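Any read-out appearing in this document is the output of simple, stated calculations on the displayed coordinates, not a laboratory observation. Being a predicted model, the structure only gives us computed values, none of them experimental. Using ideal geometry, Cβ is built from the backbone for each residue, glycine included, and neighbour counts are taken over all protein chains shown.
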Amino acid sequence: VLRDAETAYLATSYRFLPRLVRLWVDRISTVLDPDEPSEILDLCSGGGGPMPSMIEEFDKLGYQVRVRLTDFYPNPTVPLHPGVAWLAEPVDARQVSPRLSGVRTMFSAFHHFRPDDAKAILKDAFDRRNAICIFEPASGTLLSAGAMMTVPLVVLALMPLSRPFRWSYLVFTYLIPLMPFIVWWDGMVSLLRIYSMDQMRELTNGLLAPDYVWEIGGIRVRGIVGELPYLIGRPVRSRGASAVRR
């Protein structure tokens, strides 16, 4: 219940960060073909993440996108946008089944993996020449840690808006106030584990080929402290493209 409550809160919080969602869509659109229907395979989806909001942004840009959500602990009861569907079977992001195609995405989850496992996620996409887009929601800085002190208040404000609505979420938010502390603690630990852009570059070492390119950078969003790291890997589709963009 507590795990589902936290992922539901995170999915809800993205609805209040439309600028961030749009910037993520802009980055992902660089690996999509605007003239063809595209499929996105979202990894470690939790409670659905930002995808229900992102699919609307893709529509505005004219992209025909279908999304499949996956997780090691799938939660297919979460209500979704018509263009988003859950895969009911568990999916290990380190070794995705070859029958699951599409651009791979991961939001706010990469830091949960230790370096060997994080590199395995990248290597699996690289070996299969699948595009992969990884985004983190914060930077591991002291300023970000200070901003985390407001998170318990945000949890108190947003938890009633989580969907699907469950009374148990409110019980563990207000009567037994575990959720404000759990989300804050998880956020603080995550800040310590978020891979910096330099660390992301180290993870791509040895994963180089003339037909595959890595892009590593940071996103700045008004209202969020610091640069939010991202990593994109894509197969090269045109001659003359660089093997590494860093």
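Under 5 Å from the amide H of residue 213 lie the amide H atoms of 234, 236, each residue being 5 or more positions distant or on a separate chain, with H modelled from the backbone and absent for Pro and chain starts. Debye calculation, C-alpha points only, no solvent: report log10 I(q)/I(0) for the chain at q = 0.11, 0.13 Å⁻¹, in the same order as the q values. The Debye formula, applied to the Cα set alone, gives -0.57, -0.80.
At 222 nm, what helix-only mean residue ellipticity would the chain give, in deg cm²/dmol to the nearest 500, using -39500 (n - 2.57) for each DSSP H run of four or more? Please list the in-between numbers first.
Details: 9 runs with 90 residues, N = 246.
About -10500 deg cm²/dmol.
Taking the longest Cα principal axis of the chain as reference, the axis of helix 51-61 is set at about 50 degrees. How much net charge surrounds residue 140 when only other residues with a Cβ under 13 Å from its Cβ are counted (Lys, Arg +1; Asp, Glu -1)? Net local charge, residue 140 excluded: -2. Which of the three applies to region 66-209, rounded, prolate or oblate, going by the alpha-carbon gyration tensor with a ≥ b ≥ c and a/c under 1.5 meaning rounded? Oblate, because a/c is 1.5 or more while a/b does not exceed b/c.
Net charge around residue 18, counting only other residues with Cβ within less than 13 Å of its Cβ (Lys, Arg = +1; Asp, Glu = -1)? Show your work: numbers first, answer last.
Working: positive: 15, 19, 22, 60, 222; negative: 26, 56, 57.
With Lys, Arg at +1 and Asp, Glu at -1, the net is +2.
Structural descriptor for the chain: relative contact order 19 percent, calculated from alpha carbon pairs under 8 angstrom and at least 6 residues apart. Taking Cα atoms only, the orientation of helix 18-29 departs from the longest principal axis of the chain by about 20 degrees.
Taken over region 30-109, the convex hull of the Cα atoms encloses 95 Å³ per residue. Normalised by the number of residues in region 1-80, the average gap of Cα pairs under 8 Å and 6 or more apart makes the relative contact order 36 percent. What's the local net charge at residue 45, with K and R +1, D and E -1, over the other residues with C-beta under 14 Å away? Here the charged neighbours net out to -3.
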